[in-house]
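Worksheet: one structure, shown below.
The values are calculated or read from the model by the stated rules, or taken from the named source; none is laboratory data. No experiment lies behind these values; they were computed from the predicted model shown. Virtual Cβ from ideal backbone geometry, glycine too; neighbours counted across all protein chains shown. Calculation scope for accessible area: heavy atoms of the full protein, side chains included, ligands and nucleic acids excluded. Shrake-Rupley method; radii C 1.70, N 1.55, O 1.52, S 1.80 Å.
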Amino acid sequence: MSAAVGAISATKEVAFNPQMEEEELKNNKNSKAGDEVPSHELPHTDDGHEDDDDDDDDELEEEHVAKLIKSEKELDLGPQVSLKEQLEKDKDDESLRKWKEQLLGSVDLSAVGETKEPEVKIQSLTILSPGRPDLVLPIPFANNSKSTLFSLKEGSRYSIKFTFTVSNNIVSGLKYTNVVWKTGVRVENSKRMLGTFSPQQQPYTYEMQEETTPSGLFARGSYYARTKFVDDDGKCYLDVSYCFEIQKSWPKPF
């Protein structure tokens, strides 16, 4: 760019001379008639071969990009084979075996299936409150969604614990969501990432952070809740709705 600018500047500084221009035109005619232009100064000619090479290069580049996109999509979709196949593959390679053990942890082979999809079963929901017996609610719930499943005292501390099992394959990014309404108005929308879990016979337990129930006249009454467990792939393992109450005092035991 600077060389071109310099050339333009030099041309502007030369005064116009008709005699010099006429001599230059004669020299150019003689050069065209007898002299051969060097090959490196020849203008670009289209013989078809160079374009073919360019087309081939473009096709190779497009194929490479397509393979990269395909591989990325396959990675996003998760495991392409069952966990059992993964564990049995290259089992004679000591370094690979140790790497898989470190990656997967202590996987229970009896809980590993032939399918690619993991299976998660939420077994129970337990409400824990200091000074109170644990309230264990087996899943599926015994009552229907319109009756009260449990009652809590206003202003009381409590936490929720889940018990669940994982089989067949690793479940990645298991999430808990809970939405609560009171008289048709949404009062809570909580989400919690539980984590990634490998298959095992023993159930997992996960306890949520302790919270305090609201208190006051307007806090008392019936609530409607919907709880879901979903993984990173969008697969839903539980979707339940139920009603509970917040009262002035703890309900009397039966």
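Carbon-plus-sulfur accessible fraction, the range 165-254 (probe radius 1.4 Å, protein heavy atoms only): 51%. Spin-label model, Asn178 to Gln209: label points 7 Å out along the Cα-to-beta-carbon direction sit 1.3 nm apart. Rolling a 1.4 Å probe over the protein chains gives Phe244 an accessible area of about 30 Å². Looking at the range 119-254 alone, DSSP beta bridges between its own residues are antiparallel in about 90 percent of cases. In the context of the full set of protein chains, the range 122-254 has a per residue accessible area of 57 Å² (1.4 Å probe).
Can you give the net charge of the other residues whose Cβ lies under 13 Å from the Cβ of Gly221, counting K and R as +1 and D and E as -1? With Lys, Arg at +1 and Asp, Glu at -1, the net is +1.
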